[in-house]
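The values are calculated or read from the model by the stated rules, or taken from the named source; none is laboratory data. It should be emphasised that the depicted structure is a prediction, and the values quoted were computed from it without experimental measurement. Glycine also receives a Cβ, built like all others from the backbone with ideal geometry; neighbour counts cover every protein chain displayed. Side chains included, ligands, DNA and RNA excluded: accessible areas come from the protein's heavy atoms. Shrake-Rupley method; radii C 1.70, N 1.55, O 1.52, S 1.80 Å.
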Amino acid sequence: MSITITIDGKPCVCEPGEYVLEIARRNGIFVPALCSLKPVLTERGCCRVCIVELVEDARSKVVVSCIYPVERECEVFTQSEKIVRERGMILALLKLLAPDATLIAQLAKAYRAPDLDRLEPNPEGGTCVLCGRCVEACSLLGTSSLAAVNRGVSKEIATAYHAPSATCIGCASCAGVCPTDAIPVVEDGAKRTIWNKDFELAYCEVCGELLGTVASLEHAATAAEVEPLFLCPVHKQKVLAQHLAHPYKP
Amino acid sequence: MIAVEPQRIQSILEAYPPEKRFALAILQDIQHEFNYLPEGSLEVVSARIGTPVAQLFALATFYKALSLVPKGRHIIKVCDGTACHMCGSSSLLVAIKQLLALEPGGRTDDGQFSLECVNCVGSCALAPVMIIDDAYYAKVNTEKLALILDAYRPGGEHDE
Ligand code: SF4
Ligand code: FES
Ligand code: FES
């Protein structure tokens, strides 16, 4: 049974159990979110940038909108004084953690994050906010080459032993889902280097379009139980069409 | 690939059903057996229970009880919790450095000792507390310290 909640005064129809962030998005209300990447990845609720204030039975609380399921009627405020203050603090802290991340600097500015002069920024610099998107993307692909290693202030995303991973296929999906471009991918035409490992690049045999790494194409083909085809989507279609048109030709 | 007798790791592995939930228990047993997680052991565990090597590495680097570098024959833990700190744990650390040339996180060159700094071990009334292997030492001062350590040196009464 649907219920109606209000977000910043706007009535929004939703199903019980839906997350506040999804409802807001569907209704065109923007809430900043850093670690959530639905529907590609599962919600993780670790960056806290998406907090909103929720008033239920005249009681107000701050909730993490990307993982807060709405159960009954309530009022949600995405820009209340409290939210502006607390989200600003969260962004200020993220900026100290990842002082070189452009996106974080922009968010911190846009959401009026305070200057925390009394705290030292991460002495190693860096752009990773430890959201874990990359780790999940890698695990969804079945490669699981990454993990959050160490703990506390020395926590970081890494491969086992910080060495080139046996399971890494160089697909760069981790880099693709990273909100802050924290994972360097270097390409020189013949090879791609990522996570300290080199990969041969694959090009379309007909038109020469870059397809990715040979290892990632082979990985996908193995998963689909077919032979890898080194063809771009356009030429793959043409080759298959030809094959269908002349099925008995050797 | 394993530097340390593979059959010893194998028998640890076989003590558990090949399921992911036993990852930590297996790593703890390997740690106990070798005093560290020898090179290649994460790979063998991964092959058996299916937990990716990266995740085992994450466990190994998260828990203080697990170590990827060899530990000494005797592990000294000096409590540096609030009470022990107030009662002079830092002078114990200085003394250990003088006596054994050993710093927290390190191991002596002869492999006899390693040293760890830990937080409150729940025996504040006995502060400062030092633990060697499984033995607790209470109200340790620098004189006591030298005697205690001697018992763990090669051939000492606690060095078995
Ligand atoms: S590298 Fe990027 S995706 Fe991975 S945890 Fe850091 S910020 Fe998130
Ligand atoms: S987006 Fe909600 S906690 Fe990160
Ligand atoms: S502080 Fe050392 S035992 Fe509590």
- Which residues, taken from region A:144-169, are open to solvent by less than 60 Å² (accessible area, probe 1.4 Å), farther than 19 Å from B:F62 by Cα and more than 8 Å from chain B (Cβ to nearest Cβ)? A:C168, A:I169
- Item | Sole exception among (1) among the hydroxyl-bearing types (S, T, Y); (2) touching a Ser or Thr at 6+ places or on another chain (Cβ under 6 Å); (3) surrounded by fewer than 17 Cβ atoms within 10 Å (Cβ to Cβ) for B:Y36, by number | (3)
- Take the residues of region B:62-71 that are surrounded by fewer than 20 Cβ atoms within 10 Å (Cβ to Cβ) and within 13 Å of the chain's Cα centre (by Cα): which is farthest from the other protein chains (Cβ to nearest Cβ)? B:K71
- Item | Residue list for region A:119-135, filter: away from chain B (no Cβ under 12 Å) and in contact with a Leu (Cβ under 9 Å, 6 or more places away or on another chain) | A:L119, A:E120, A:P121, A:N122, A:G126, A:T127, A:C128, A:V129, A:L130, A:C131, A:R133
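For (1) touching a strand residue (DSSP E or B) at 6+ places or on another chain (Cβ under 7 Å); (2) surrounded by fewer than 19 Cβ atoms within 10 Å (Cβ to Cβ), each residue gets a yes or a no:
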site: B:P17; (1), (2): no, yes
site: B:L42; (1), (2): no, no
site: B:V53; (1), (2): no, no
site: B:A60; (1), (2): no, no
site: B:I75; (1), (2): yes, yes
site: B:C79; (1), (2): yes, no
site: B:C84; (1), (2): no, no
site: B:G88; (1), (2): no, yes
- Say we look at region A:118-140 and pick out the residues that are away from ligand 2 (no atom under 16 Å from the Cβ) and hydrophobic (A, V, I, L, M, F, W, C); which of these is farthest from the chain's Cα centre (by Cα)? A:L119
- Message: Quick check on region A:113-120. Is at least one of its residues more than 9 Å from ligand 1 (Cβ to nearest atom), part of a loop (DSSP other than H, G, I, E, B) and in the same structural domain as A:S216 (by TED's automatic domain parsing)?
- Response: no
